[in-house]
């Protein structure tokens with residue numbers, strides 16, 4: 001089984017593309033629990049909120065993994081929650097970095113327009129650039145393999161499909 005996690009700043013197409021990839025590869029997707037949490041509890045996050053989000057995201061991922069699909073698409077994981085903690089509080093607690101990592105990450109560039117949806121916080125160009133840098137730093141810190149995904153929406157989809165397809169080539 002290969003888990004591919006979509007990673008990057010807000011409003012870069014991760015959730016939309018996660019669904020398309022699941023259809024394209026006929027595999028399950030684990031949705032972003034943080035969005036559900038934000039819609040229920042609001043976006044004035046505390047560190048305790050982020051830890052709770054990561055725990056539930058991990059539980060959902062483990063539940064999906066138990067089915068042993070060939071490919072599992074993760075809309076996010078606790079490593080992205082660590083990026084949120086760094087962005088919001090200037091530090092990522094060790095707990096967020098200790099969770100099991102995916103086999104491969106797709107790092108989404110923030111080179112598409114930001115869209116306010118009521119749960120997003122960092123819409124300025126400077127904030128998006130900072131968040132994108134933090135997200136990439138988390139992948140580097142965790143020493144996980146990743147592919148960069150950028151360009152317009154069609155290019156993002158092509159790049160993601162190619163990156164995932166390459167994981168199954170021998």
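Every number in this text was worked out from the coordinates using simple rules, so none of it is lab data. Nothing here was measured: the structure is a model prediction, and the numbers come from that model. As a convention, Cβ positions derive from the backbone with ideal geometry for all residues, glycine included, and neighbour counts pool all protein chains shown.
Things worth noting here:
- Antiparallel DSSP beta bridges within the chain, percent to nearest 5: 0
- Inter-label distance, residue 44 to residue 1: 3.9 nm, where each label sits 7 Å from its Cα along the C-beta direction.
- From least to most packed, judged by other beta carbons within 10 angstrom and beginning with the fewest, 17, 167 follow the order 167, 17.
- Mean residue ellipticity (222 nm) of the chain, computed from DSSP H runs ≥ 4 via -39,500 (n - 2.57), nearest 500: -16500 deg cm²/dmol
- With neighbour counts taken as other beta-carbon atoms within 10 Å, the residues 25, 89, 108 rank, fewest first, as 89, 25, 108.
- Listing 80, 138 from fewest to most neighbouring C-beta atoms within 10 Å gives 138, 80.
- Here the range 31-61 is scanned for amide nitrogen atoms under 19 Å from the site 7 Å beyond the Cα of residue 98 along Cα-to-Cβ, giving 47-61.
- Sorted on the mean count of surrounding Cβ atoms within 10 Å across their residues, most packed first, peptides 146-152, 53-59 read 53-59, 146-152.
- In this rough spin-label picture, where each label sits 7 Å from Cα along the Cβ direction, the residue 127-residue 66 distance is 3.8 nm.
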